[in-house]
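Just so you know, all these numbers are worked out from the coordinates, no wet-lab data involved. Just so it is clear, the model here is predicted, and its values are computed rather than measured. With ideal geometry, Cβ positions are generated from the backbone for all residues, glycine too; neighbour counts draw on all protein chains shown.
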Amino acid sequence: MVEITFVTNNGKTVEAPENSNLLRVSIKEQGGIPFKCGGGLCGTCKCRIEEGLENTDKIKPKERKHLKPEDFEAGYRMACQTFVNGNIKVSWVPR
Ligand code: FES
């Protein structure tokens, strides 16, 4: 299992199986990451991996439409396109 901490949601921390989709865990556990499409199109699920960026999978082409190289360097990802294989802490801009 991995631990996911939703920093912007008062640090709510949940457990999930390895290689879980970040947005799906957020929806199931009421983590609070904003979303609309769930399919990599709208960009609403932009979030920042504060800790554990190395525990996320590779950047998808759909993410490159919404995020710049410097965003990725700063830890930004799109939650619906991101799978988690270790502990992470994630924040976002509240909507
Ligand atoms: S929810 Fe629309 S891109 Fe992730």
Residue-span extension gain [Lys28 to Arg95] - 0.36 nm each, minus C-alpha spacing
22.2 nm
Where labels lie 7 Å past Cα in the beta-carbon direction, separation of Glu3 and Lys68 in nm:
3.5
With θ taken as phi - 60° and the coefficients 6.51, -1.76 and 1.60, list the Karplus ³J(HN,Hα) couplings across segment 10-25 in order, rounded to whole Hz; mark glycine and proline as x.
6, x, 3, 10, 10, 9, 8, x, 4, 6, 6, 6, 4, 5, 4, 5
What residues have an amide H closer than 5 Å to that of Thr44, excluding those fewer than 5 places away on the same chain, when H is modeled at 1.01 Å from N in the peptide plane?
Lys36, Cys37
CD proxy at 222 nm, helix term only [per DSSP H run n ≥ 4: -39500 (n - 2.57); per residue of the chain; nearest 500]
-4000 deg cm²/dmol
Least to most buried among Lys46, Lys62, Lys36 (fewest other Cβ within 10 Å first):
Lys36, Lys62, Lys46
Isotropic mean projected area of the C-alpha convex hull, segment 2-91 (nm²)
4.8
